[in-house]
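Reading through the structure tokens given below for one structure.
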Amino acid sequence: MALTSADLIRRSASSVPPPAAKLPEVAKLIDVSKCIGCKACQSACIEWNDLKPTVGENVGSYQNPHDLSPDTWTLMRFTEWDNPKSGDLEWLIRKDGCMHCSDPGCLKACPAPGAIVQYSNGIVDFVHENCIGCGYCVKGCPFDIPRISKVDEKAYKCTLCSDRVSNGQGPACAKACPTQAIVFGTKEEMKKHADKRIADLKSRGFAEAGLYDPAGVGGTHVMYVLHHADRPEIYAGLPKNPAISAVVELWKGATKYAGLAVVGLAAAAGFVHHIVNGANRVTREDEANAAKLKEKA
Amino acid sequence: MSNADPTPEASYRVTRYTTAARLNHLVTAGSLVLLAVSGMALFHPSLFFLTGLFGGGAMAREIHPWIGVVLFFGFFGLFFRFWRANLPERGDGEWLRNGGAVLGGHEEKLTEIGRYNAGQKLVFWSMSLLIVVLIVSGLTIWDEYFAAWTSIPTKRIAVLVHAVAAIVAICVWIIHLYAAIWVRGTMDAMTKGSVTGGWAWRHHRRWLRETIGGKSAG
Ligand code: HEM
Ligand code: SF4
């Protein structure tokens, strides 16, 4: 069954009635310890979403393209990390893309009604016909995900394959992954699956293995199993405690209300003053005095 | 405000602004209003419908910073025309301390005022400062061309500063506009370029003395 407006729980710069029935929350689980960096997911994403990124340049890294872009919605990020404890050089690979936050900063920042929506299954989607290209979502996102297209000046990011999910399919990347490092299901199932993977990793010496489902953004619908969950930042700067920036909260919170109130008060003060004091008019005496002054000059 | 006659005949008229200064003001005021309207449309969802005046959300977003560029040049012109006349002077403190009398319409109790009173000077200098802040913060969030110039944390601060400065600027503009409406005859300065002798006597007596004593208008 397709996702419809009846499944919305949030809509940017507008409100929606609470849905009559909530869909089960879904999640994509990415197990970085199983990833071999083949980029099948990256290709599958381009294929399914009909994206056409330009051929990049090799700058001596497997990471290609170098960053997310309006037509690269998921990107394998490669990091070489010296493990200070073991002395090993570890090759860390993380599939970057939208985290589908429960508390999405992009949606909070968006000024265009209905340009960003959140479904009750947890998917955060950009609705391009409502997007005005202001770039506020870029400022709102704690993960640096949305990108504005130079072609149509609209924001793009991973949709969690909302079109596939609403038809009972998993995302294209999960389908393509040859090692099942990417799996998809209900959030409950994925957490249970992660528990097993974490127990396995711990039994093999990764004492700090754990799940990345950051509480600061209310949890996410894309989660990672990390073998060094105590230091997510080593995985190409995955934030340790992501949350919507306090500056964004202030901008989109108190400022909006106080701003409108202050402008309204200024206008009201003018009206009241005019009613109480009346117009400040030039009198006949003023004109007569001015005439006298001119005669003297 | 004792006599009943609302608009006594002008004894004579005094030039207050040149045509060039009035055109300069018109362009600046027009762009400020368009900026306020297109900006407020993005500021609060309840005002988003205002983007319709510009041909939709994407157009309002696109055009706003360009109007900002017009405002910049317009204000630059006004600033260099008028800054000297807005330098603080002796009577300003007295005028500000007697805000109650001024608001009550009893300026006659105060020392004679020159070309601008302290309130007008405050409008001038606060707008100058606010417009500089709006331009700097506006360029920082003009992602269509300058996205790569600054980091995301910097842009977050810039957009907050831009919104707050815009609100303050709009309030200053409301005060400026209200003063021009309340003090009857003031609009003439912009619409005709001249004011009546009585208006000048009442509100800017020292300026009137200086002007008819031979000094030229700005
Ligand atoms: C002087 C140069 C200015 C520049 C370059 C500029 C640029 C911008 C930009 C780039 C935005 C983001 C939306 C968009 O891309 O259109 C914006 C938003 C805004 N601007 Fe300006 N602007 C300027 C002046 C002004 C002025 C004079 C005002 C008001 C009097 C104003 C009020 C606003 C408001 C209220 C917003 C929305 C802020 C929010 O969403 O919270 N701007 N401006
Ligand atoms: S990761 Fe960024 S773009 Fe994705 S839902 Fe969270 S805030 Fe929005």
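The values are calculated or read from the model by the stated rules, or taken from the named source; none is laboratory data. If you're wondering where the values come from, they're calculated on a predicted model, not measured in any experiment. All Cβ positions, glycine included, derive from the backbone under ideal geometry; neighbour counts span all protein chains shown. Heavy atoms of the whole protein, side chains included, go into the accessibility calculation; ligands, DNA and RNA do not. Shrake-Rupley method; radii C 1.70, N 1.55, O 1.52, S 1.80 Å.
Before we move on, is A:P17 closer than 26 Å to B:H44 by Cβ and free of Cβ contacts under 8 Å to residues at least 12 places away in the same chain? Yes. Consider A:I9 carefully, then state whether it is more than 14 Å from chain B (Cβ to nearest Cβ), touching a Pro at 6+ places or on another chain (Cβ under 8 Å), under 19 Å from A:H100 (Cβ atoms) and among the β-branched types (V, I, T). In short, yes. Quick check on A:G270: is it more than 13 Å from ligand 1 (Cβ to nearest atom), of a type in the set (G, A, S) and touching a helix residue (DSSP H, G or I) at 6+ places or on another chain (Cβ under 8 Å)? Answer is yes for this residue. Restricted to the range A:116-156, and to residues there that are open to solvent by 20 Å² or more (accessible area, probe 1.4 Å) and hydroxyl-bearing (S, T, Y), the residue that is farthest from the other protein chains (Cβ to nearest Cβ) is A:Y119. Taken as a whole, the range A:142-155 holds no residue that is at positive phi and of a type outside the set (D, E, K, R).
Residues that are within 12 Å of ligand 2 (Cβ to nearest atom), in the same structural domain as A:T74 (by TED's automatic domain parsing) and within 26 Å of A:I234 (Cβ to Cβ): which helices (runs of 4 or more DSSP H) entirely in the range A:88-188 hold 2 or more of them? Let's see the steps before the verdict.
Numbers: elements: A:105-109, A:136-140, A:162-165, A:172-176.
Filter on the range A:88-188 gives A:105-109, A:136-140.
Evaluation of B:R206 against the conditions (1) surrounded by fewer than 17 Cβ atoms within 10 Å (Cβ to Cβ); (2) under 28 Å from A:A269 (Cβ atoms); (3) not hydrophobic (A, V, I, L, M, F, W, C) shows that the sole unmet condition is (2). Among the residues making up the range B:27-68, a single one is part of a loop (DSSP other than H, G, I, E, B) and either charged (D, E, K, R) or open to solvent by 50 Å² or more (accessible area, probe 1.4 Å) (or both): B:G55.
The set of residues from the range B:94-127 being among the small types (G, A, S) and either at pLDDT 95 or above or under 19 Å from the mean Cα position of the chain (by Cα) (or both) comprises B:G114, B:A118, B:G119, B:S126.
Would you kindly identify the helices (runs of 4 or more DSSP H) lying entirely within the range A:191-297 that contain at least 1 residues that are in contact with a strand residue (DSSP E or B) (Cβ under 9 Å, 6 or more places away or on another chain)? Spell out how you get there, then give the answer.
Working: elements: A:246-252, A:254-277, A:284-296.
The helices (runs of 4 or more DSSP H) meeting that bar are A:284-296.
Looking at the range A:240-262, I want the residues that are among the aromatic types (F, W, Y) and have a partner that is in a helix (DSSP H, G or I) with Cβ atoms under 8 Å, at least 6 apart or on another chain. Which pairs are those? So the pair list comes out as A:W251/A:A109; A:W251/B:R156; A:W251/B:V159; A:W251/B:L160; A:W251/B:A163. When the range A:35-52 is filtered for residues that are under 12 Å from A:M76 (Cβ atoms) and in a loop (DSSP other than H, G, I, E, B), the ones remaining, listed by number, are A:C35, A:I36, A:G37, A:C38, A:K39. Counting only residues that are in contact with a helix residue (DSSP H, G or I) (Cβ under 6 Å, 6 or more places away or on another chain), among the hydrophobic types (A, V, I, L, M, F, W, C) and more than 14 Å from every other protein chain (Cβ to nearest Cβ), how many does the range A:227-256 have? Residues flagged as in contact with a helix residue (DSSP H, G or I) (Cβ under 6 Å, 6 or more places away or on another chain), among the hydrophobic types (A, V, I, L, M, F, W, C) and more than 14 Å from every other protein chain (Cβ to nearest Cβ) within the range A:227-256 amount to 1.
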